[in-house]
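The values are calculated or read from the model by the stated rules, or taken from the named source; none is laboratory data. This structure is a prediction, so every number in the text was calculated from the model and none was measured. Here the Cβ positions follow ideal geometry from the backbone for every residue, glycine too, while neighbour counts run over all protein chains shown. Ligands, DNA and RNA are stripped out before the accessible areas are found, and what is left, the full protein with its side chains, is counted by its heavy atoms. Shrake-Rupley method; radii C 1.70, N 1.55, O 1.52, S 1.80 Å.
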4 protein chains.
Amino acid sequence: MTYARQMLDSCPPTVDVDAGVLAAAIDAISDCAQACAADADADLSEQNLAEMVTCIRLCLDCTDICTATAGVISRLAEYDAGSTRPLLQACAAVCKSCGDECERHAHMPHCRVCAEACRRCERACRELLDALA
Amino acid sequence: MTYARQMLDSCPPTVDVDAGVLAAAIDAISDCAQACAADADADLSEQNLAEMVTCIRLCLDCTDICTATAGVISRLAEYDAGSTRPLLQACAAVCKSCGDECERHAHMPHCRVCAEACRRCERACRELLDALA
Amino acid sequence: MTYARQMLDSCPPTVDVDAGVLAAAIDAISDCAQACAADADADLSEQNLAEMVTCIRLCLDCTDICTATAGVISRLAEYDAGSTRPLLQACAAVCKSCGDECERHAHMPHCRVCAEACRRCERACRELLDALA
Amino acid sequence: MTYARQMLDSCPPTVDVDAGVLAAAIDAISDCAQACAADADADLSEQNLAEMVTCIRLCLDCTDICTATAGVISRLAEYDAGSTRPLLQACAAVCKSCGDECERHAHMPHCRVCAEACRRCERACRELLDALA
């Protein structure tokens with residue numbers, strides 16, 4: 001069991017949401033923040049740097065937005081729907097953009113792994129949005 | 001002239017946006033991230049801690065969302081509207097919630113200052129959303 | 001295999017460090033950042049709030065330092081020893097302080113889980129410091 | 001008066017430190033985090049990308065470390081010297097490395113401005129380390 005799930009089980013959020021869906025979102029978002037930070041650095045080591053610029057920028061945005069989202073949904077004891085919902089939408093959207101861009105370089109193993117992390121994170125954000133509805 | 005404005009003047013974003021509006025948003029968001037981090041800590045030093053819990057939680061969310069937003073809008077050389085717009089909406093929303101809560105404790109000077117930082121940040125996010133439309 | 005390890009295998013860092021040790025550190029630090037954010041929120045739901053203040057503050061510091069450290073060691077393609085080493089020392093130190101404090105409340109399940117995450121992170125930081133020596 | 005100074009005046013830290021030195025550090029560190037985020041993006045728009053890679057990496061490290069440091073020193077109501085001092089040392093060190101690298105590209109206005117932000121931040125970190133001694 002991941003730490004995110006153990007923390008939720010030891011102190012359940014007051015908002016009515018399935019702990020499994022929430023824990024999966026926290027884990028997917030944390031993983032994606034890290035994968036994108038690593039992928040931006042891997043991109044910077046590539047020969048054809050000019051082709052990687054969009055990918056680097058999206059990875060940096062994705063890391064920043066995932067980091068904030070992981071923090072906010074780790075603090076759901078009081079749920080502020082007005083900010084949390086657009087934040088989750090922003091997170092899903094940047095994961096879509098970043099995943100699409102990484103998939104264009106899927107012949108590079110680091111972009112293939114990062115695309116997977118982005119796809120999983122996008123799905124987890126959308127599932128959490130549905131679960132919080 | 002702030003560093004944010006100097007950076008924008010030295011390397012203008014490709015997106016069509018007024019540099020003054022963008023620099024004002026970057027500065028207001030950075031200031032708000034810091035004010036909220038400081039206010040959460042000041043709240044923790046208050047006697048009537050139970051009354052400060054919502055304020056502390058909103059301050060922590062506000063710091064996280066402002067930090068991500070400052071990063072993303074400092075990187076507007078390529079503008080990903082699909083994620084940047086909901087992020088700015090999330091930032092304005094959390095500043096509204098946090099500013100409202102801080103205003104309820106405006107007899108505490110630290111909450112009064114933090115409320116001001118939140119109000120200014122909310123306005124700056126909305127002005128940037130309009131300017132990017 | 002975690003995403004951190006997959007990313008390292010797909011784009012090995014140029015610095016001479018064991019990939020298993022580095023991946024373990026990235027994972028432990030990311031987990032600790034999340035556990036501490038969740039624990040601060042759980043602390044805020046406790047009855048005896050005044051006794052939790054130090055724990056909340058250390059959890060917030062721990063989240064911030066772990067987040068930065070995870071970012072920096074995800075970018076070891078070029079290794080800046082002068083900043084990375086004291087950062088890892090700061091991370092180990094805050095995990096020690098936060099783990100000690102959480103252990104004092106180990107009768108609360110959320111603090112017990114968080115203490116475990118802090119201990120594991122402290123160890124992983126020290127092992128990485130040794131491996132990078 | 002900056003928000004950082006207003007917050008400190010409304011809720012003085014318990015640690016014995018000059019409020020002016022602390023506020024100056026908070027402001028310089030926040031400015032540096034933003035300047036480095038903006039400079040990394042500006043670097044990515046340059047023609048001679050291969051020459052900018054080290055600068056981009058140092059800017060990303062500098063943003064991450066400055067963001068954590070700004071958070072931690074905004075929360076000095078309880079001062080954990082064991083983690084705060086190495087963190088400030090890491091922050092001064094990455095500002096030195098990043099400032100040196102930016103200065104090599106000082107013919108690019110964005111790197112010249114960023115170098116100034118790094119130098120000011122490095123000085124402010126060292127002055128705060130002395131003041132906290």
| Could you give, in nm with one decimal, how far A:Gln47 is from each other copy of that position, shortest first, with labels 7 Å out from Cα toward Cβ? | 2.3, 6.8, 7.2
| Sorted by accessible area (1.4 Å probe), largest first, how do D:Asp61, D:Asp31 line up? | D:Asp31, D:Asp61
| query | How do the peptides C:44-51, D:83-90 rank, highest first, by the average count of neighbouring beta carbon atoms within 10 Å per residue? | reply | D:83-90, C:44-51
| remark: Here the net charge surrounding D:Val21, from other residues whose Cβ is less than 9 Å away from its Cβ (Lys, Arg +1; Asp, Glu -1), is -3
| request: Please give the helix C:81-104 orientation as an angle from the longest Cα principal axis of chain C, in degrees from 0 to 90, rounded to the nearest 10. | output: 30
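On average, how many beta carbons from a partner chain sit within 10 Å of the beta carbon of a residue in A:29-36? Write out the running numbers ahead of the final one.
Numbers: counts 1, 7, 5, 1, 6, 12, 6, 2.
Mean partner-chain Cβ count within 10 Å for A:29-36: 5.
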| request: For chain C, find the longest principal axis of its Cα atoms and tell me its angle to the long axis of helix C:109-131, 0 to 90°, nearest 10. | output: 30
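Only four residue types carry charge here, +1 at the Cβ of Lys and Arg and -1 at the Cβ of Asp and Glu. Report the dipole size of the protein assembly as shown about the Cα centre in Debye, rounded to the nearest 20. The partial results should precede the final answer.
Details: 44 positive and 84 negative charges, 0 e Å.
Value, rounded to 20: 0 debye.
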| said: For B:Gly20, place a label point 7 Å from Cα along the Cα-to-Cβ direction in every copy; what are the distances to the other copies, in nm, shortest first? | reply: 3.3, 5.6, 6.2
| Counting partner chain Cβ atoms within 10 Å of every residue's Cβ in A:51-58, what's the average? | 4
| request: Two decimals is fine: what is log10 I(q)/I(0) at q = 0.16, 0.18, 0.21, 0.26 Å⁻¹ for the range B:65-111, from a Debye sum with one equal scatterer on every Cα and no solvent? | output: -0.53, -0.61, -0.71, -0.88
| request: Please work out the C-alpha center-to-center distance from the range B:108-126 to the range C:35-50 and express it in whole Å. | output: 25
| query | Could you work out the helix-only [θ] at 222 nm for chain B, with each DSSP H run of four or more residues adding -39,500 (n - 2.57) and the total divided by the number of residues, to the nearest 500 deg cm²/dmol? | reply | -26000 deg cm²/dmol
| query | Taking the Cα centre of chain B as the origin, how large is its charge dipole in debye, to the nearest 20, when only Lys and Arg (+1) and Asp and Glu (-1) carry charge on their Cβ atoms? | reply | 140
| note | Here the correct list, in nm and shortest first, of distances from C:Asp130 to the same site in the other copies, label points 7 Å along Cα→Cβ, is 3.8, 4.7, 6.0
| message | What does the buried accessible surface come to for C and B, summed over both chains, with the probe at 1.4 Å? Round to 100 Å². | response | 800
| said: At q = 0.08 Å⁻¹, what log₁₀ I(q)/I(0) does the protein assembly as shown have when each alpha carbon counts as one equal point scatterer in the Debye sum? | reply: -0.42
| task | Over the whole of B:43-50, what's the average partner chain Cβ count within 10 Å per residue? Rounded to a whole number, please. | result | 5
| So, counting K/R as plus one and D/E as minus one, what does the shell of residues with Cβ under 12 Å around B:Cys114 add up to? | -4
| field | Top positive-direction residue, dipole computed over chain B with Cβ charges, set B:Val17, B:Pro109, B:Cys59 | value | B:Val17
| query | Which Cβ of chain B lies nearest the axis of the rotation superposing B onto C, and at what whole-Å distance? | reply | B:Leu49, 2
| query | Tally Lys/Arg at +1 and Asp/Glu at -1 over every other residue whose Cβ is under 9 Å from the Cβ of B:Ala4; what's the total? | reply | -1
| query | Relative to the longest principal Cα axis of chain D, at what angle does helix D:53-73 sit, 0 to 90 degrees, rounded to 10? | reply | 10
